[in-house]
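Notes follow the structure.
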Amino acid sequence: MRTLRVAGVAAVGLLALGACGSQQGAALFVGDERVPESTIDGYVTTIADFRAEQGEDLSVFNYSDDRKQIVTYVLYSELGQAVGLDPVGSAGADELETVAVEAEQYFQALVAEAEPRALTEDEMARVVEAAQTDANVAGYGQADLELLAGFTDDLASYVDEYDISVNPRYGEFDLSPLPSVFPVEVPQR
């Protein structure tokens, strides 16, 4: 009887470890799609190889910004597919360029589907504050800001609907094109 209990406890422990192990090595999740860290690392290596070919000193680069940008590309590409947008024509010199082109096309399609909405008083205050230090924000008109407000509302609902999450390795992650005004934080997992 004692042997059966020990075996049962061991089996539960193995199942728990197996469940944790399925999360290890994942860079991000979008719906049922799991993107491994090795994919992101491979793209970072592509960037490093390109820089080395250009004769740049690789010891001075901090690749965390590259990783975040690549995660953004992959996330938008996966989101466009999950939402069911029409497949995009992607042609790139390599796999990283192809993902970047796909991400941009899906991003544009998602923006085009967004319904503009009026800004809240708090959002207007953040726009005014951000415009003081960011020329891009200062250049937005009311219609642009209303479209971004609707778009980021859509993004926030996609994060929930498709259970989007990012590995903590990539730090705090915001999916918004204008995070200082319309934050869309992606949970870490």
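Observations on the structure shown:
- Only residues that are within 20 Å of A112 (Cα to Cα) and among the charged types (D, E, K, R) were counted in the stretch 143-173, giving 5.
- Tally of residues being assigned to a helix (DSSP H, G or I), open to solvent by 80 Å² or more (accessible area, probe 1.4 Å) and not polar (S, T, N, Q) across the stretch 81-134: 9
- Checking R67, R34, R51 one by one, the residue that is closer than 20 Å to L175 by Cβ and either modelled with pLDDT under 90 or part of a strand (DSSP E or B) (or both) is R34 and no other.
- Yes/no for E78 being under 18 Å from P187 (Cα atoms), among the acidic types (D, E) and modelled with pLDDT of 85 or more: yes
- Residue check for G139: surrounded by fewer than 17 Cβ atoms within 10 Å (Cβ to Cβ) and more than 28 Å from T45 (Cβ to Cβ): yes
- Filter pass, L79 being in contact (Cβ under 8 Å) with a residue 40 or more places away in the chain, of a type in the set (A, V, I, L, M) and either over 23 Å from E172 (Cα atoms) or out of contact with any helix residue (DSSP H, G or I) (no Cβ under 7 Å at 6 or more places or on another chain) (or both): no
- Residues in the stretch 51-76 that are free of Cβ contacts under 8 Å to residues at least 12 places away in the same chain, open to solvent by 50 Å² or more (accessible area, probe 1.4 Å) and not small (G, A, S): E53, Q54, E56, D57, L58, V60, N62, D65, Q69.
- Residue selected from the stretch 124-153 under the condition at pLDDT 95 or above and of a type in the set (D, E), by the criterion nearest to the chain's Cα centre (by Cα): D153
- For the stretch 38-50, a residue qualifies if it is in contact (Cβ under 8 Å) with a residue 40 or more places away in the chain and among the hydroxyl-bearing types (S, T, Y), and the qualifying residues are Y43, T46.
- Scanning the stretch 142-173 for residues that are closer than 18 Å to Y73 by Cβ, open to solvent by less than 50 Å² (accessible area, probe 1.4 Å) and outside any loop (DSSP other than H, G, I, E, B) yields a total of 8.
The values are calculated or read from the model by the stated rules, or taken from the named source; none is laboratory data. Predicted, not measured: the structure shown is a model, and the values here were computed from it. Cβ atoms come from the backbone with ideal geometry, glycine included; neighbour counts cover every protein chain shown. Protein only, heavy atoms only, side chains kept; ligands, DNA and RNA dropped before computing areas. Shrake-Rupley method; radii C 1.70, N 1.55, O 1.52, S 1.80 Å.
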